[in-house]
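Step one of this worksheet: look at the structure below.
Just so it is clear, none of the values below were taken in a lab; they were calculated from the coordinates. From a predicted model like this one, the values you see are computed outputs, not experimental measurements. All Cβ positions, even for glycine, are placed from backbone atoms using ideal geometry, and neighbour counts span all protein chains on display.
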Amino acid sequence: MQHAHTDNQDLPAIQLLPPVQHSGALPALIRDHALQETTTTCSRRVGKEDFLEAVRWAVESGLHPKANATTLIVARDLAGRMNRHGLVLYQRLRMTDRLPLSLRTVDRHVAYLRELGLLAWAVHGSRTNTRKPGQGGWSGTATTYAATAPRAWDHACGHRIAGSGYTARRIGFTPAGRQQAIARARSNAARRRPRDTPSCRSTHHRPTAKVREKNNYPAGRRKRPASRRSGGVTPAQAAHAVEVARCIRPRIGWTQGESLRRLAFALRPWLAAGLSREDIAAELASWWLTWRPRSPAAYITARRQQAARTDPAALLDAQLPPEPAPTAAATPSVRFLNVALQVRHAWSHSRTCCPEGCDEEPDFVVRQRILDSFTQADARRLARTPRQCGSLGESEQLSDQRSQDRWWRTPRGES
């Protein structure tokens, strides 16, 4: 029989177990191939570490008269290719290339492992071509083995097993098995090389680089661009802007394709100037757009900036310090009252100076009509009953809108 030792396996060293004391006859070998299947075996499935432990235990205990160190070499090659479920492709021809063993030697020792209950057939290999007619070429079926461990090994290690057959599992240890597991863990910890922390290691001296009248930093290096800031907007003001955008988007058709956050960002300057949601909706509706911009938020920003460049009064308003967002119960500011008085005075003066038959109306009157039409349209829409709605979703949307309007109209100090 050919024997060989190899050190090209990337597996941990096989741990030693205490010698096994057999009380009577050794466990019987499984000679029948029908009992070496995963569906008929009495052994349970294990991982690669437990598989190597069980193989070492079976070889040292002499359970098979022909199992020896070569069996351990074959088992280590199989364990190195196992997946986490304990399944491995046989690949007998490639094993002969990796190991200095003949093909017949590999087959014999794999058969010894099956007879010991350490391997079971998961898939039988076949030379039958599995490709469909017309595809060309040849493709057979590979043999797949499953790593298993016999009940004798579990009994020797003090394992408590639940279930039977291939699907059985370990649920604990017996008192003797717990002592063995503690002893193995302590021996493994003692064999490990202690590792020092970085503070305990000596650092090598690194000489300082010498600069010979040369600048290491090129003059053309660009500075990192400053990060964009929100402009001093508080989270409460940002949330208020989103709520205003949520109310304005259904009213203005060409803004419905924009997201709430982008639309709220475009409306922030108007909110900071003290305009309400109705004023902003009236301003957007007065543009009379018959087309849909690709980016409504960018269009609103560009239109507002263009108006600020052409209108000195709007530019002056943009330079004023922003005021906090108005609430439902807030009183008009002094600046607003002064502007309202000026507008009323100008309106009364225009009516006295306007000749009879002049049908032209000022802009703020048109804006007030638009606001009134919006208010009446919202009131009629919210007054619709569920029977008047076209769908259940529309009825639920109206109910939510009524709740939001009731919340906005309630002063914040009341419960």
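Computed quantities for the displayed model
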| read-out | value |
| --- | --- |
| In range of the label at S126: residues from the stretch 26-60 whose backbone nitrogen is under 20 Å from the point 7 Å along Cα→Cβ | 33-40 |
| Amide proton proximity set for G125, modelled H, under 5 Å, gap of 5+ | T143, T144 |
| Rough spin-label spacing in nm, given labels placed 7 Å along Cα→Cβ, for T290 and L29 | 9.8 nm |
| Nearest-0.05 FRET efficiency for A162 and A236, computed from C-beta distance (R0 56 Å) | 0.40 |
| P(r) weight above 12 Å for the stretch 363-410, C-alpha pairs, percent | 68 percent |
| Computed E for D279/C389 - FRET, C-beta separation, R0 41 angstrom, nearest 0.05 | 0.90 |
| Additional length obtainable on full extension of the chain from A379 to D405, 0.36 nm per residue less Cα span | 8.3 nm |
| Charge sum, other residues only, whose C-beta stays under 12 Å from W57's C-beta, Lys/Arg counted +1 and Asp/Glu -1 | -3 |
| Fully extended contour minus Cα-Cα distance, from A181 to R151, at 0.36 nm per residue | 9.1 nm |
